[in-house]
Amino acid sequence: EKPWLDGCPRLIFVSDMGDAFSRDSDFAFLEEEVIAPMRSPEGQRHFWLWLSKRPARMARFGERIGGFPENVCAMTTLTGPDKLQRIDELRRVPAK
């Protein structure tokens, strides 16, 4: 137990060991299991980092949900010069 953390906001990393926007991802599932908790009163006090190697799919999902909540930071990985297009794709993600 860590009573000193009770009630404190947290930094939550979404998809740190995987990619929620893989080709097989289900947008309805992500809305229910990830976005709903982010938008809940409890979830709004936390800051969510969402990492994806597929920022174009993240942008499509963000458009579908009317934009990511303000407490979400959308990010992508750049593993080499051949992945620089991800920066432009990330710019299209509707997130603060």
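The values are calculated or read from the model by the stated rules, or taken from the named source; none is laboratory data. This one's a predicted model, so the numbers in the text were calculated from it and none came from an experiment. With ideal geometry, Cβ positions are generated from the backbone for all residues, glycine too; neighbour counts draw on all protein chains shown. Calculation scope for accessible area: heavy atoms of the full protein, side chains included, ligands and nucleic acids excluded. Shrake-Rupley method; radii C 1.70, N 1.55, O 1.52, S 1.80 Å.
Miscellaneous remarks
- Accessible carbon and sulfur surface of the chain relative to its total accessible area, %, 1.4 Å: 53
- Förster radius 41 Å - calculated FRET efficiency between residue 8 and residue 83 (Cβ-Cβ, nearest 0.05): 0.70
- Probing with 1.4 Å while keeping every protein chain in the model, the per residue accessible area of the stretch 1-69 equals 64 Å².
- Kirkwood Rh in Å, taken over all unlike Cα pairs in the chain: 14.1
- As a length-normalised measure over Cα pairs under 8 Å and 6 or more apart, the relative contact order of the chain settles at 29 percent.
- Springs join every pair of Cα atoms under 10 Å in this Gaussian network model of the chain, and among 22, 40, 52 the largest mean-square fluctuation is at 40.
- Oblate is the label for the stretch 43-87. Its Cα gyration tensor axes, ordered a ≥ b ≥ c, give a/c of at least 1.5 and b/c at or above a/b.
- In order through the stretch 66-82: 3J(HN,Hα) via Karplus (6.51 cos²θ - 1.76 cosθ + 1.60), integer Hz, x for Gly, Pro: x, x, 6, x, 5, 8, 10, 10, 7, 9, 9, 9, 10, 9, x, x, 6
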